[in-house]
Number of protein chains: 2
Amino acid sequence: VYSQHGAWCYYAVQMPLAEKDLIARIRRMAKSRPSGGVRLTIGDDCAVLRVKAGHELLVTTDFTLEGTHFRGGWHSAESVGHRCLCRGLSDIAAMGGEPLAAFLSLALPSDLPQSWVDGFLKGFLALAKRHKVALAGGDVAEARNGVAADVVLTGIVPTGNAITRSGARAGDVIYATGALGGSAAILRRMFAGESITANSKAERKHFFPEPCLAVGRYLRERKLATAMIDISDGLSTDLAHICEESSVGAVVNQFLLPVARGASLNDALHGGEDYELLFTAKKSARVPVEIAGVPVTEIGWVTKEKRVMITDVASKPRKLETKGWEHFTK
Amino acid sequence: VYSQHGAWCYYAVQMPLAEKDLIARIRRMAKSRPSGGVRLTIGDDCAVLRVKAGHELLVTTDFTLEGTHFRGGWHSAESVGHRCLCRGLSDIAAMGGEPLAAFLSLALPSDLPQSWVDGFLKGFLALAKRHKVALAGGDVAEARNGVAADVVLTGIVPTGNAITRSGARAGDVIYATGALGGSAAILRRMFAGESITANSKAERKHFFPEPCLAVGRYLRERKLATAMIDISDGLSTDLAHICEESSVGAVVNQFLLPVARGASLNDALHGGEDYELLFTAKKSARVPVEIAGVPVTEIGWVTKEKRVMITDVASKPRKLETKGWEHFTK
């Protein structure tokens, strides 16, 4: 874990700072100090966290790698920092949890400008601040090739109340928050050679997505969801995860899908990085059409047959291929 | 976090498995299932951990990168897996904690043989089993260049009893466990072109170091240590960390240093990766000369003057330069 060091005196330097100065800088930018559940932060062998009585701890980790999860020419440093943290916050949201503390492990090439590192931290810490998440530790190392960041998010949830992937039952209704495919549509345009920056709301959806923490919390507090996952790899893949863990199947009605503006049906079905929530609820549950300002849309139903299908109502339901993002596949 | 998938059926393949099969394989090898403090393990958006009443949670993260922390030609896959986990366990030991659950984020080049991945997991899981640590989650991703592993260790410690770096006071005695410099001596020989495998006890010290969990626990239970750190970057650097966090200085008596067989004084002072413990205790404390089978040696004392010095008794104490491992320094 980060260790604290003495005074630092670098500024606007070109190269990444020496390890101890970089850590001191992170510590200063993070305004890291014990408060709430964080009893001991950056500066020791471990961070010390206190979990509120009657609560359990949530832990999730997500790797972000240059070339795989972002490209230097496409994503600003601020966007990369933001997206790194968003992935973990979205996992906490998908359990109905409250974020507690984040840990950032950062491997940097030695020829990376310090301004990139500062931009990354700016994006990361701005999102952390908005959700009151402390940066409580991490690690820094020299990377031979490309930036690698591993972000650990811890959170809390009342004991026994975490919303898992395994509680969906036949007859439940399937819901998705927000609109789907928007992030993939932007990515598709960049692959086609277009240069895009985060100006419009649609573009911010890709570069600065917002984790649905308030929605997750609402569903957990009112015990509305029987199962939940965040849509990070794509609807088809993430719905398959719920079905596998719950030993059920599903039918998606393609006419009900909330396709994002500028996105295709394909983007909405298989595009990743939307960070919306996908959940199931009993038919009798009263699920609002909007939660915390986010639209909630019924998109299908859970079946006993362990297959994930899609229907256009007019023809027979057909198999919904899981074509979301998966590593190590050609 | 890892997601669970259906059955897997691959074996002895050449390439890393597709993501879902790799995760299924990790899950199977880890024999991951809820038990003790781990309520929900690999297979959901987050793992769910329960912290025993009256305890706090410890969290530490450590990056291990090919080329920086290990070399494919020098370290076997088993050794890399073992060392990855040892780093985190050693941090838990340095707080006087008990390990709870580990999280493994693994980025792998797509041309890496699956046998390497299996060897890595074998080394990782054998050490985990010995210390009853559950592998409760993580992430896998495709790396463009070289293996990257980030290991998160969680542990518990009775509330308020974690041994930090900041409790050393002038007049305290400084102790080190085991022998120092042994790991660096092996590394020095490999840099000189020697091919070394983990046959002797001295060689195992580099390739399969043992975290001092029992010593850390003993010191915490008896409240013997005022401050503690593990020696991962080298004695000179790690002692400086204690001094900075405690706002004190130190004098090391070089004739008292427990130099490992085959190691030089320089190796013992500045060599990293010994994973021994360095701690301070009140002069009046009765510190045994051996704890849990590990020798404990008095090596110096804490001073009011905020300088880290070394003495050979005959001449005047001189400044002990911090020359342990630091990233991004030339």
Looking at A:Val308 and the list (1) within 14 Å of chain B (Cβ to nearest Cβ); (2) of a type in the set (A, V, I, L, M, F, W, C); (3) more than 30 Å from B:Asp139 (Cβ to Cβ), which single condition is not satisfied? (3)
Single match in A:Trp301, A:Trp325 (criterion: more than 27 Å from A:Ala202 (Cβ to Cβ) and surrounded by 15 or more Cβ atoms within 10 Å (Cβ to Cβ)): A:Trp301
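Conditions tested, residue by residue: (1) modelled with pLDDT under 95; (2) open to solvent by 10 Å² or more (accessible area, probe 1.4 Å).
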site: A:Thr164; (1), (2): no, yes
site: A:Ala170; (1), (2): no, yes
site: A:Ala184; (1), (2): yes, yes
site: A:Leu187; (1), (2): yes, yes
site: A:Glu194; (1), (2): yes, yes
site: A:Phe207; (1), (2): yes, no
Given (1) more than 9 Å from chain B (Cβ to nearest Cβ); (2) in contact with a strand residue (DSSP E or B) (Cβ under 8 Å, 6 or more places away or on another chain), index of the condition A:Gly146 fails: (1)
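Are any residues in region A:172-182 among the acidic types (Asp, Glu) and open to solvent by 20 Å² or more (accessible area, probe 1.4 Å), and if so, which ones?
Matches in region A:172-182: none.
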Hits in region B:33-67 (condition: more than 7 Å from every other protein chain (Cβ to nearest Cβ) and open to solvent by 30 Å² or more (accessible area, probe 1.4 Å)): B:Arg33, B:Pro34, B:Ser35, B:Gly36, B:Lys52, B:Ala53, B:Gly54, B:His55, B:Glu66
Which number in (1) out of contact with any Asp or Glu (no Cβ under 9 Å at 6 or more places or on another chain); (2) away from chain A (no Cβ under 14 Å) marks the one condition that B:Gly182 misses? (1)
When you go through (1) open to solvent by 20 Å² or more (accessible area, probe 1.4 Å); (2) within 10 Å of chain A (Cβ to nearest Cβ) one by one for B:Asp139, which number turns out not to apply? (1)
Expected single match for open to solvent by less than 30 Å² (accessible area, probe 1.4 Å), more than 14 Å from the chain's Cα centre (by Cα) and either within 30 Å of A:Asp238 (Cβ to Cβ) or touching a residue at least 60 places away in the same chain (Cβ under 8 Å) (or both) among A:Leu127, A:Leu112 is A:Leu112
Options A:Ala198, A:Ala225: the member that is of a type in the set (Gly, Ala, Ser) and modelled with pLDDT of 95 or more: A:Ala225
Could you list, in sequence order, all residues of region A:286-298 that are open to solvent by less than 20 Å² (accessible area, probe 1.4 Å) and either at pLDDT below 95 or part of a loop (DSSP other than H, G, I, E, B) (or both)? none
Filter pass, B:Thr159 being of a type in the set (S, T, N, Q), more than 14 Å from chain A (Cβ to nearest Cβ) and either in contact with a Ser or Thr (Cβ under 9 Å, 6 or more places away or on another chain) or on the phi < 0 side of the Ramachandran plot (or both): no
Which of (1) surrounded by fewer than 24 Cβ atoms within 10 Å (Cβ to Cβ); (2) facing chain B (nearest Cβ under 9 Å) does A:Gly72 not meet, given it meets every other one? (2)
Select, from B:Val117, B:Val80, the only residue that is within 11 Å of chain A (Cβ to nearest Cβ) and of a type outside the set (Lys, Arg). B:Val117
Against the definition (of a type in the set (A, V, I, L, M) and under 21 Å from A:Gly43 (Cα atoms)), how does A:Ala94 come out, yes or no? no
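The values are calculated or read from the model by the stated rules, or taken from the named source; none is laboratory data. None of these values were measured; they are calculated from a predicted model. We place every Cβ from the backbone using ideal geometry, glycine too, and count neighbours over all the protein chains shown. For the accessible areas, the whole protein counts, side chains as well, though only heavy atoms, and no ligand, DNA or RNA atoms are used. Shrake-Rupley method; radii C 1.70, N 1.55, O 1.52, S 1.80 Å.
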